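J.: There's a structure below that I have some questions on.
Just so it is clear, none of the values below were taken in a lab; they were calculated from the coordinates. Source: prediction; values computed, not measured. Neighbour counts are summed over all protein chains in view; Cβ atoms, including those assigned to glycine, are modelled from backbone coordinates with ideal geometry.
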Amino acid sequence: MDSFLLGSLKGPSLLANGVNHWKKDNLKKVRFSGSYVSHSPSSFSEWNVIERRCTARFQHALPKHCTKGTREASTFYHGQNKRLLVNATAGHPLESEPGATSSKNAWNSTKGALGVFYRFSRPHTVIGTALSIVSVSLLAVQRLSDISPLFFTGVLEAVVAALFMNIYIVGLNQLYDIDIDKVNKPSLPLASGEYSVSTGTLIVTSFAVLSFCLSWIVGSWPLFWALFISFVLGTAYSINMPLLRWKRFAVVAAMCILAVRAVIVQLAFFLHMQTHVYKRPAIFSRPLIYATAFMSFFSVVIALFKDIPDIDGDRIYGIRSFTVRLGQKKVFWICISLLEMAYSVALLVGASSGFLWSKVATVLGHTILASLLWGRAKSVDLSSKAAITSFYMFIWKLFYAEYLLIPLVR
């Protein structure tokens, strides 16, 4: 700072000597601690007095243009001096703290890592799994007193274990579909290179082990069998070994998804709540039968529709899906017809309910969903991959909505 002031005077002067003399006399009054500076107020007062006297004395001796420069330099120096005093007395660092930058970088790194894992976990399937288990668990509730800490504990056990297995299944599928996903879904972490194969293998293995460990701790046989069958079918669906990789065969692939989404989720998780949590005998109620039948339609639709936007990669790598064999348009309208049929059955089931509140809620709810589906389907541009993918996500939203209606079927 003093170099700036002396530079404006273009040569050695009494002011320079005064500054140096003041520094020598007052150096002991300035204490440095880490990156913080502590000045005694008296030191700054002395400096202000010296500065004012020297500036006034030299203003008479210097030409006008130099006087103007001296004033500007003095004003700048004084302002900087005051700022340093405020920072020092307030305990603020003179320079940006490395810890603050380090914390920000750590947060950005953590946020980025979570974002990559979020995409790896295929969030639409995670949401679907969680909603389906909660919805089916509510079918086991027979009276208001059943909604208790015991209920929430049982649901939490089932949801966490199932989500671990869900991540294993979708992660394993990505490990064996890296080349296909580079064409169909290049934003996925393995296809984009954000995850290495070893990282993906570590994640899926860890989550499979965690899922089985949790089911063993819980001690529920329905929960264990739900996870085990899902593990077997999910592995056979994706893994590239002789007689496996069932996703290559359209009918077998659809049956795998139907078995997990329509049968295992409905029956096994209902029995987990009914027999393990509530200790009641196993029964198959009307709402449970309806949920299994309806979700069978829905699971077939998901199994068929998921291949419509993936037709390019499937065709290149020899995946003989229904879309590759029949064409996008035909499979699209088959899916819409199956869903509309399912909603028609749902309307009949709702209308036959003996409870007025159930009848109104289910009939009105399914009418709205069927109308939304038909209206949206007519506006889809089947030549646009983005439009088809967006509609596929809309199908999943209908899937979520159905699980909100299933507990109302009585």
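J.: Could you pull out the residue among L288, L304 that is over 13 Å from F399 (Cβ atoms), buried (at least 22 other Cβ atoms within 10 Å of the Cβ), within 32 Å of the chain's Cα centre (by Cα) and in contact (Cβ under 8 Å) with a residue 12 or more places away in the chain?
T.: The unique qualifying residue is L304.
J.: What pairs come up if the first residue lies in region 166-187 and is free of Cβ contacts under 8 Å to residues at least 24 places away in the same chain, the second is surrounded by 21 or more Cβ atoms within 10 Å (Cβ to Cβ), and their beta carbons are under 7 Å apart, counting only those six or more places apart or on different chains?
T.: I178/L190
J.: Quick one: which residue in G354, G365 is exposed (fewer than 13 other Cβ atoms within 10 Å of the Cβ), closer than 30 Å to P407 by Cβ and touching a residue at least 24 places away in the same chain (Cβ under 8 Å)?
T.: Testing whether each residue is exposed (fewer than 13 other Cβ atoms within 10 Å of the Cβ), closer than 30 Å to P407 by Cβ and touching a residue at least 24 places away in the same chain (Cβ under 8 Å) leaves just G354.
J.: Could you identify the single residue in A401, A377, A346, A386 that is surrounded by 19 or more Cβ atoms within 10 Å (Cβ to Cβ), hydrophobic (A, V, I, L, M, F, W, C) and either more than 30 Å from the chain's Cα centre (by Cα) or not in a loop (DSSP other than H, G, I, E, B) (or both)?
T.: Testing whether each residue is surrounded by 19 or more Cβ atoms within 10 Å (Cβ to Cβ), hydrophobic (A, V, I, L, M, F, W, C) and either more than 30 Å from the chain's Cα centre (by Cα) or not in a loop (DSSP other than H, G, I, E, B) (or both) leaves just A346.
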